[in-house]
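Only one structure is covered here, and it is reproduced in the block below.
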Amino acid sequence: MEKIIEFFGYGANADIHTITNIIGHEPKGGEGAVLQGYGLAIQTLSNIPEKERNILKKVWGENFQAYTLITGPGFVKGRRWFITEEDLEKIQQWEFAHKDGWREIISIKITTADGKTADAITEKSRDNFPVEKIIDGLNHENILNKEGKIYYSKEDENKIEFMREQLKEYYGQYINA
């Protein structure tokens, strides 16, 4: 039996459509959860390493932004997904969370909607990369690069496929969703 991992998705990774597109199937779970002891910040292309910046700019455009966690007082809303190790590998590739990459996987404790605490993992930018601004971790739009849209269009599907192609070049291979 494959090991099940509790993954805290915040920002776009709290959105069922986004996480499904990344891992290739709808994950189990999706219960609301909160992470305490972290703030939520936004990074722009200027805060991202050049190699990753070039890919993100090519796929998402000049105005690309990404959420990240920063250690400190605060709360960040998200969702608890139950994923497999293979799903986690796909998330790591999609988020550039590999050894010495822009982002990293960290272990955290979250509080679920029913008030219980759970061990989980999530991804965030490494601390040595600056942020543009800190925002309210409880009251924000999940998807930064959608210009306020809450639906997926044909253009979004094309961008997701284009991102997969760019990741294949970046890694030399990509685990297809």
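The values are calculated or read from the model by the stated rules, or taken from the named source; none is laboratory data. A quick note: this is a predicted structure, and the numbers were derived from the prediction, not measured. Virtual Cβ from ideal backbone geometry, glycine too; neighbours counted across all protein chains shown.
The single residue among 11, 30, 72 that is under 15 Å from the mean Cα position of the chain (by Cα), closer than 26 Å to residue 114 by Cα and surrounded by fewer than 19 Cβ atoms within 10 Å (Cβ to Cβ) turns out to be 30. Checking the structure you have, find out if any residue of the range 81-93 is more than 16 Å from residue 47 (Cα to Cα), touching a helix residue (DSSP H, G or I) at 6+ places or on another chain (Cβ under 8 Å) and among the β-branched types (Val, Ile, Thr). Looking for residues that are more than 16 Å from residue 47 (Cα to Cα), touching a helix residue (DSSP H, G or I) at 6+ places or on another chain (Cβ under 8 Å) and among the β-branched types (Val, Ile, Thr), one finds at least one in the range 81-93, hence yes.
Determine whether residue 118 is surrounded by fewer than 21 Cβ atoms within 10 Å (Cβ to Cβ), under 19 Å from residue 8 (Cβ atoms) and in contact with a strand residue (DSSP E or B) (Cβ under 7 Å, 6 or more places away or on another chain). Break it down stepwise before answering.
Numbers: surrounded by fewer than 21 Cβ atoms within 10 Å (Cβ to Cβ): yes; under 19 Å from residue 8 (Cβ atoms): yes; in contact with a strand residue (DSSP E or B) (Cβ under 7 Å, 6 or more places away or on another chain): yes.
Taking the combined requirement at face value, the residue satisfies it.
Within the range 1-31, the residues that satisfy the criterion of being touching a strand residue (DSSP E or B) at 6+ places or on another chain (Cβ under 6 Å) and either under 9 Å from residue 79 (Cα atoms) or hydrophobic (A, V, I, L, M, F, W, C) (or both) are 4, 5, 7, 8, 9, 10, 14, 19, 29, 30, 31.
Among the residues of the range 17-63, count how many are in a helix (DSSP H, G or I) and free of Cβ contacts under 8 Å to residues at least 40 places away in the same chain.
7
Residue 92 falls short on exactly one of the conditions (1) part of a helix (DSSP H, G or I); (2) modelled with pLDDT under 95; (3) not hydrophobic (A, V, I, L, M, F, W, C), and that condition is (2).
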